[in-house]
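Worksheet for the structure shown next.
The values are calculated or read from the model by the stated rules, or taken from the named source; none is laboratory data. What you see is a predicted model; the values in this text were computed from it and never measured. Cβ placement follows ideal geometry from the backbone for every residue including glycine, while neighbour counts extend to all protein chains displayed. Ligands, DNA and RNA are excluded from the accessible area calculation, which covers all protein heavy atoms including side chains. Shrake-Rupley method; radii C 1.70, N 1.55, O 1.52, S 1.80 Å.
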Amino acid sequence: MALPVLALGFTALSREALSVWPHLAANVLPVALGNTLLLLAGVAAFCAVVGVGTAWIVTQYDFPGRASLEWLLVLPLAMPTYITAYVYVEMLGFQGPFQTALRALTGYRSLRDYWFPDPRNLAGAILILGLVLYPYVYLSVRALFGMQSAAIVESARTLGASRSRLFWRVALPMCRPALAAGLTLAMLEALNDIGASEYLGVRSLTLSVYSTWINGGSLAGAAQIACVMLFVIVLLILAEARARGARRFALPVKRLRPVGRSRLRGGAAVGAAIACALPVLFGAALPIASLFGEFLRRDLLAQADAAMLRALGNTVLISGIATLAVVAVGLMVAAAIRLGRERWLPAAGRIAALGYAIPGTVLAVGLLVPLAAFDNLIADTSRALFGVSPGLVLLGSGAALVIAYAVRFLSIAIGGSQSGLARIPTRIDDAARSLGADRREVMQRLHWPLLRPAIAAAALLVFVDCMKELPATLLLRPLNFDTLATLVYGHASRGVFEDGALAALLIVLVGLYPAIMLARAGNGENLSRDG
């Protein structure tokens, strides 16, 4: 976790970087930083409105379809941002189904005859990213709404509060910590995006890092822009901490009596159902239907050629190896915090889990210098001892990708392991130790059998995130090494996204199951029962 950040600072302060800085400060950073801040603000506002609004509706009201919509609202998480952007540009383009149908109905022939919205701008990027990322807010806020005690609501109503006043004066202030956490996650994901921003014509900080390094050939300049991104990330985390403040919420010792839902009828029920169905429709249903339609219309099985199968094999191999590494390290960190007596261990564990906040482009720039130095050291030593150079051991073998994935997604494995360990009472550990078991035996014979469900869920989430990761994969992959994500990106960059629709469909289908699992496991009722 510390190595890429320190290497990034060292590279950004090099002599070459200092000579590049005036050009970046004058020509690159003003536009990139302004676009990034506007993008983050827009995505945050969209996610707050949609996430909080839908969470309030499904937890406070009962209407036809509510039970299904409650978990369907999480499905956009299965859609990578870059695939959603590619799909919407294709659907809304001149040859897409919407404009084709409009011309067939009206007799128009060209864009000079009518106006049609173009998603390739900042507003389009905000809407598309918001449609994919609002479930971060929805899940966290829905959980807190579900844990609210009926006594609080009844007290407010006794004092004359209407349903709207109850929302603004009681429910919304109580969900402020969850709202801040969800918005921070959504904005960090928006900051990490590169494929959607580039395709939609938004010159963000992430895209500037990539273009400065790959197109401009300046690693030092890319490192300086990455340091600006790290500053933005620190501001986001501090803002989240300030918004959350010192608020803590405790549940009663006795079984929580949940808030009863109000039954909606007639137009109100239809309105609530439509309000909850629209994010699902535009965030998941339409993009998935478009990919399936492309699959059926173009016989995409014909795309399963050697290059496609090789990319699929690379994806499964690199994601599988990274998942094993991440889960193993995450389990060790969680076990050390649980079994260790040192006071610094929890703080070290929290630092190790901060990698998810670092965008893939920033991580790649920070890892390149130390990994290249290690490769050079191995090559020099091998030449001196054996007269043979092994080449790039880390950067040329895919090991760099595994390291980047491990740093970025370690928080998932640590969180999953800690949540599983939290369900094992410490008195069971004490009983095992009183019978003579050492720490290794406690972990192997007691914790591991009880942890397997939580570890399996964390491993699935890590695998899917590794499979979808685009920025770090683009920058750290070996030569002629494609994954499904880079294959889709390559086709879209050449203006033939439809040729990569099969790869995109595979990524989405793999991501659907963990999204459904997360939706069903994370509903408010389950959280309130588990406390």
Check your understanding: Among the residues of segment 329-340 satisfying the criterion of being open to solvent by 20 Å² or more (accessible area, probe 1.4 Å) and touching a residue at least 24 places away in the same chain (Cβ under 8 Å), which is nearest to ALA458 (Cα to Cα)?
Key -> LEU331
Review point. Identify, please: which residue in segment 446-459 is touching a helix residue (DSSP H, G or I) at 6+ places or on another chain (Cβ under 8 Å) and within 14 Å of ALA335 (Cβ to Cβ) and is, among those, modelled with the lowest pLDDT?
Key: HIS447
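Could you list, in sequence order, all residues of segment 475-492 that are touching a Phe, Trp or Tyr at 6+ places or on another chain (Cβ under 6 Å) and crowded, with 21+ Cβ neighbours inside 10 Å?
ALA492
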Exercise for review: Those residues that are open to solvent by less than 20 Å² (accessible area, probe 1.4 Å) and either more than 26 Å from ASP193 (Cα to Cα) or within 25 Å of the chain's Cα centre (by Cα) (or both), I need them from segment 90-104; list them, please.
Suggested key: MET91, GLN99
Review point. Would you say ILE424 is part of a loop (DSSP other than H, G, I, E, B) and open to solvent by less than 60 Å² (accessible area, probe 1.4 Å)?
Key: yes
Review point. Would segment 438-445 turn up any residue that is free of Cβ contacts under 8 Å to residues at least 40 places away in the same chain, under 14 Å from LEU331 (Cα atoms) and of a type in the set (A, V, I, L, M)?
Key: no
Review point. Just to be sure, is LEU230 closer than 22 Å to ARG15 by Cβ and surrounded by fewer than 23 Cβ atoms within 10 Å (Cβ to Cβ)?
Key: yes
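Take the residues in segment 158-170 that are open to solvent by 10 Å² or more (accessible area, probe 1.4 Å) and part of a helix (DSSP H, G or I), then tell me which one is modelled with the lowest pLDDT.
Among those that are open to solvent by 10 Å² or more (accessible area, probe 1.4 Å) and part of a helix (DSSP H, G or I), it is ARG163.
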Exercise for review: Looking at (1) surrounded by 13 or more Cβ atoms within 10 Å (Cβ to Cβ); (2) at pLDDT 80 or above, find the lone condition where ARG244 falls short.
Suggested key: (2)
Revision key, fill the gap. Listed by first then second residue, the pairs whose first member lies in segment 387-408 and is at negative phi, whose partner is of a type in the set (D, E, K, R), with beta carbons under 6 Å and at least 6 positions apart or on separate chains, are SER389/ARG383; LEU392/ASP375; VAL393/ASP375; LEU394/ASP375; LEU395/ASP375
Practice item. Mind telling me which of the residues GLY495, GLY500 ends up being loosely packed, with under 13 Cβ neighbours inside 10 Å and either touching a helix residue (DSSP H, G or I) at 6+ places or on another chain (Cβ under 6 Å) or part of a loop (DSSP other than H, G, I, E, B) (or both)? Key: GLY495
Check your understanding: at pLDDT 80 or above and within 30 Å of THR59 (Cα to Cα) - does that describe any residue in segment 465-482?
Key -> yes
Exercise for review: Please state which one of PHE463, PHE409 is touching a Pro at 6+ places or on another chain (Cβ under 9 Å) and in a helix (DSSP H, G or I).
Suggested key: PHE463
Exercise for review: Evaluate the following for TRP168: is it under 22 Å from VAL202 (Cβ atoms) and either free of Cβ contacts under 8 Å to residues at least 12 places away in the same chain or of a type in the set (Ser, Thr, Tyr) (or both)?
Suggested key: no
Check your understanding: Looking only at residues in segment 341-367 that are small (Gly, Ala, Ser) and open to solvent by 20 Å² or more (accessible area, probe 1.4 Å), which one is nearest to GLU469 (Cα to Cα)?
Key -> ALA353
Practice item. Search segment 174-195 for residues that are open to solvent by less than 20 Å² (accessible area, probe 1.4 Å) and pair each with any residue that is of a type in the set (Lys, Arg) when their beta-carbon atoms are under 7 Å apart and the residues are at least 6 apart or on different chains. Key: PRO177/ARG244; PRO177/ARG247; ALA180/ARG244
Revision key, fill the gap. How many residues of segment 123-142 are within 25 Å of VAL496 (Cβ to Cβ) and either open to solvent by 20 Å² or more (accessible area, probe 1.4 Å) or more than 24 Å from the chain's Cα centre (by Cα) (or both)? The answer is 2
Revision key, fill the gap. Within segment 201-223, restricting to residues that are open to solvent by less than 10 Å² (accessible area, probe 1.4 Å) and not in a loop (DSSP other than H, G, I, E, B), the one that is nearest to GLY366 (Cα to Cα) is ALA223
Check your understanding: Within the bounds of segment 57-67, is there any residue that is part of a helix (DSSP H, G or I), modelled with pLDDT under 90 and open to solvent by 60 Å² or more (accessible area, probe 1.4 Å)?
Key -> yes
Exercise for review: Hey, can you tell me all the residues within segment 370-387 that are within 25 Å of MET229 (Cβ to Cβ) and surrounded by 19 or more Cβ atoms within 10 Å (Cβ to Cβ)?
Suggested key: LEU371
Practice item. For ALA25, state whether it is of a type outside the set (Val, Ile, Thr), over 30 Å from PRO135 (Cβ atoms), open to solvent by less than 20 Å² (accessible area, probe 1.4 Å) and more than 21 Å from the chain's Cα centre (by Cα). Key: no
Point to revise | Where a residue in segment 67-96 is under 14 Å from ALA190 (Cα atoms) and its partner, wherever it lies, is acidic (Asp, Glu) and buried (at least 19 other Cβ atoms within 10 Å of the Cβ), with Cβ under 6 Å and at least six apart | key: THR81/ASP193
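For segment 349-370, give me each residue that is in a helix (DSSP H, G or I) and hydrophobic (A, V, I, L, M, F, W, C). Full working, then the answer.
Step one: filter segment 349-370 for residues in a helix (DSSP H, G or I), giving 349-357, 360-370.
Listed by number, the residues that qualify are ILE351, ALA352, ALA353, LEU354, ALA357, VAL362, LEU363, ALA364, VAL365, LEU367, LEU368, VAL369.
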